[in-house]
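Data block below; observations after.
The values are calculated or read from the model by the stated rules, or taken from the named source; none is laboratory data. Not measured: the values here are computed from a predicted model. Cβ atoms come from the backbone with ideal geometry, glycine included; neighbour counts cover every protein chain shown.
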Amino acid sequence: MALTISEQFFSLQCEGVTNGVPAYFIRLQGCNLRCGNPDMTKMPECKSIQEFQEKLYAAKDPDATWLCDSMAVYMQGKEVSNEALEAILKKEKQLENILNGRTHIIWTGGEPTLQQLWIMDFLNYLFKKYPKATIYSEIETNGTTRTATDFFGKYIQQVNCSPKLANSGNRRGMRINPGVLAQINAFENSWFKFVVSTEVDIQSARREFIEPNHLDEKKIILMPGLSERKHYFERTKWIYEMGKKYGYRAVSRGHIAAWDKTTGV
């Protein structure tokens with residue numbers, strides 16, 4: 001078995017409850033949603049990722065208030081075997097830190113649960129070779145794909161679920177799966193991170209997700225729809241005010257402040 005990886009890199013987790021933790025990101029190819037809903041189903045002919053990102057912004061659905069900042073990357077990828085991935089982690093001097101849990105693995109995408117069988121296979125490979133390993137894996141998911149019974153807990157230690165609101169441009173039937181939300185909510189170390197651009201979005205999150213699905217309100221995180229550094233301070237101040245008003249945890253997007261729209265850092 002081989003994971004299909006779009007990019008991988010060492011950085012810090014810059015969102016959510018583990019903000020600031022050393023993290024090794026493994027971005028897997030593919031997604032079942034299109035946030036921003038640009039009319040592109042494959043990588044167009046472009047000289048660079050930046051050029052493709054500009055094309056995505058030009059094609060953004062006017063009804064969507066934000067655009068996925070990794071679409072230009074996750075739409076492409078290559079197969080990487082367990083042995084090859086281990087060798088890469090060792091070469092980048094992160095294998096030991098991952099094995100002892102000092103550096104978190106962040107499985108992201110796209111939608112990484114689409115490759116859950118391959119994730120489990122890779123982690124089983126590491127556990128068999130390094131039986132004393134205490135790997136800490138986080139997964140970034142949109143909460144629409146059901147996972148194996150033992151996926152959370154045995155393989156994934158933290159679930160960062162980012163349910164998609166109407167502001168993502170995705171149809172309601174594609175972005176809401178009550179059974180999957182219940183499965184995630186039942187896992188102790190799970191969090192629901194809502195990307196919001198207006199106060200109406202927060203109310204929509206309550207109406208569409210939090211209340212009907214009985215999500216634990218202590219697990220709710222608000223994050224601004226923010227994809228460019230020039231809006232960072234205004235959007236960060238706004239999300240903090242919304243956190244105060246609604247009593248939810250509020251976080252910004254530190255990687256946008258540090259690196260703007262650059263990926264892989």
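Of all residues being of a type in the set (Ser, Thr, Tyr) and in a loop (DSSP other than H, G, I, E, B) in the stretch 192-218, which is farthest from residue 144 (Cα to Cα)? Just the residue, please.
198
Taking the condition of being surrounded by 14 or more Cβ atoms within 10 Å (Cβ to Cβ), closer than 14 Å to residue 217 by Cα and either more than 17 Å from the chain's Cα centre (by Cα) or in contact (Cβ under 8 Å) with a residue 60 or more places away in the chain (or both), how many residues in the stretch 188-201 meet it?
2
Based on this model, can you work out whether residue 11 counts as among the small types (Gly, Ala, Ser), closer than 25 Å to residue 254 by Cβ and either at pLDDT 95 or above or surrounded by fewer than 21 Cβ atoms within 10 Å (Cβ to Cβ) (or both)?
So residue 11 passes the test.
Restricting attention to the stretch 208-265, report how many residues are touching a strand residue (DSSP E or B) at 6+ places or on another chain (Cβ under 6 Å) and of a type in the set (Ser, Thr, Tyr).
Number of matching residues: 2.
Condition check: among the small types (Gly, Ala, Ser), part of a helix (DSSP H, G or I) and touching a residue at least 24 places away in the same chain (Cβ under 8 Å). Does residue 173 satisfy that?
Spelling it out, it is not the case that residue 173 is among the small types (Gly, Ala, Ser), part of a helix (DSSP H, G or I) and touching a residue at least 24 places away in the same chain (Cβ under 8 Å).
If you take the residues in the stretch 14-49 that are assigned to a loop (DSSP other than H, G, I, E, B) and charged (D, E, K, R), which one is modelled with the lowest pLDDT?
42
Just to verify a result, which residue in the stretch 210-265, among those that are within 18 Å of the chain's Cα centre (by Cα) and farther than 15 Å from residue 15 by Cβ, is surrounded by the fewest Cβ atoms within 10 Å (Cβ to Cβ)?
Across the stretch 210-265, the extreme among qualifying residues is 228.
Which one of these does residue 249 not meet: (1) touching a Leu at 6+ places or on another chain (Cβ under 8 Å); (2) of a type in the set (Lys, Arg); (3) at pLDDT below 95?
All conditions pass for residue 249, except number (3).
Does residue 76 count as under 16 Å from residue 7 (Cα atoms), part of a loop (DSSP other than H, G, I, E, B) and not small (Gly, Ala, Ser)?
Judged against the criteria, residue 76 is a match.
Can you pull out the residues in the stretch 176-191 that are within 19 Å of residue 120 (Cα to Cα) and in a strand (DSSP E or B)?
190
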